[in-house]
Amino acid sequence: MPFDLYLLLSLPDHQLASLETARHGGSPSSYVRCLNSAGRWAVHGTAHSPLLVWRVDDAEGARAAAARASKARGRFVEVLSRGDSSWVEGRQIQLFTDASEPVLLGYAAHSTAKALRLRNEADKLEAFCLVVRAASTAVDQEAFAEVSRAAGKALRAKFGGGSITSAFAWLAGRAGREALESVLSGEVELAGPLSLQQVAEAAELAQKAELLREAT
């Protein structure tokens, strides 16, 4: 299905995007972070914080905006062309207007309480994804039991409790989906050893496993 192309501003030297390119290969554009309407660098846009875009015939305007953003943020910002059949203007993407100018300069910091909540949720997301990845590689019951013991010990130390079962359920549930969305939308960054691709794959695995469990 054909789709329209738009111009977006991206941060090519984003540390996590570079990490994912090095770890997984492929085109760097697969992991690129683009500027959203909140002034943050996001993998994709949401209804609350869509990606900022320019039409392809406004390349001069996009380049000028990139130059202003680069100067204000002290980091090189470039223009790239992208499109997606799922994008809808006003939802996943938003056309840049004069009212969007402040987000080129930076983003408003979260309140202390919100920043702490987002950090805790992102840390839990990564920890539970590590558990799911370890459980999925267990070759037999003995190996699974060892993973279960190690997971229980690690989760008790970090969160006061938890298990393989609770990790799968959390990732498949609303809390897990919202935590992943916060990372994808640039609200908070991952801080552990997993790449975003690895986290997304583990979350998807947990969701499929929970659906299978509920069906039996």
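Count of segment 84-100 residues, restricted to those that are free of Cβ contacts under 8 Å to residues at least 24 places away in the same chain and part of a helix (DSSP H, G or I), is 2. Within segment 182-202, the set of residues being in a helix (DSSP H, G or I), small (Gly, Ala, Ser) and over 10 Å from the mean Cα position of the chain (by Cα) comprises Ala202 only. All conditions in (1) farther than 27 Å from Thr46 by Cβ; (2) modelled with pLDDT of 90 or more; (3) surrounded by 15 or more Cβ atoms within 10 Å (Cβ to Cβ); (4) of a type in the set (A, V, I, L, M) hold for Ala138, with the sole exception of (2).
Each residue in segment 49-88 was checked for being charged (D, E, K, R), surrounded by 15 or more Cβ atoms within 10 Å (Cβ to Cβ) and within 22 Å of Val188 (Cβ to Cβ), and 1 pass.
Scanning segment 159-181 finds one or more residues that are closer than 30 Å to Ser70 by Cβ and under 16 Å from the mean Cα position of the chain (by Cα).
Yes/no matrix, rows are residues, columns are (1) crowded, with 19+ Cβ neighbours inside 10 Å; (2) part of a helix (DSSP H, G or I); (3) at pLDDT below 90:
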| residue | (1), (2), (3) |
| --- | --- |
| Leu104 | yes, yes, no |
| Ala108 | no, no, yes |
| Arg119 | no, yes, no |
| Leu125 | yes, yes, no |
| Thr165 | no, yes, no |
| Ala169 | no, yes, no |
| Leu180 | yes, yes, no |
| Glu204 | no, yes, no |
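Does segment 127-147 hold any residues that are aliphatic (A, V, I, L, M) and not in a helix (DSSP H, G or I), and which are they?
Restricting attention to segment 127-147, the residues satisfying the condition of being aliphatic (A, V, I, L, M) are 127, 130-132, 134-135, 138-139, 143, 145, 147.
Within segment 127-147, Ala138, Val139 qualify.
Within segment 51-79, residues that are within 20 Å of Ala38 (Cβ to Cβ) reach partners that are assigned to a strand (DSSP E or B) and acidic (Asp, Glu) with beta carbons closer than 7 Å, at six or more positions or on different chains, in the pairs Ala66/Glu78.
Of the set (1) farther than 17 Å from Leu5 by Cβ; (2) buried (at least 17 other Cβ atoms within 10 Å of the Cβ), all apply to Thr112 but (2). The residues in segment 31-83 that are farther than 15 Å from Tyr107 by Cα and part of a helix (DSSP H, G or I) can be counted, and the count is 12. Criterion applied to Leu196, Leu205, Leu180, Leu130 was being touching a residue at least 60 places away in the same chain (Cβ under 8 Å), under 28 Å from Gln94 (Cβ atoms), outside the structural domain of Gly61 (by TED's automatic domain parsing) and of a type outside the set (Ser, Thr, Tyr), and the one residue passing it is Leu196. Residue check: Arg156 meets all listed conditions (1) assigned to a helix (DSSP H, G or I); (2) in contact (Cβ under 8 Å) with a residue 12 or more places away in the chain but one, namely (2).
Evaluate the following for Arg91: is it at pLDDT below 95, surrounded by 12 or more Cβ atoms within 10 Å (Cβ to Cβ), within 27 Å of Glu178 (Cβ to Cβ) and basic (Lys, Arg)? Judged against the criteria, Arg91 is a match. Looking for something in contact with a Cys (Cβ under 6 Å, 6 or more places away or on another chain) and of a type in the set (A, V, I, L, M, F, W, C) - is there at least one such residue anywhere in segment 195-208? Checked against the condition, which is being in contact with a Cys (Cβ under 6 Å, 6 or more places away or on another chain) and of a type in the set (A, V, I, L, M, F, W, C), segment 195-208 yields at least one hit.
Checked against (1) modelled with pLDDT of 95 or more; (2) surrounded by 15 or more Cβ atoms within 10 Å (Cβ to Cβ), Ala151 passes all but condition (1).
The values are calculated or read from the model by the stated rules, or taken from the named source; none is laboratory data. Here the structure is a predicted model, which means the values were calculated and not measured. Neighbour counts are summed over all protein chains in view; Cβ atoms, including those assigned to glycine, are modelled from backbone coordinates with ideal geometry.
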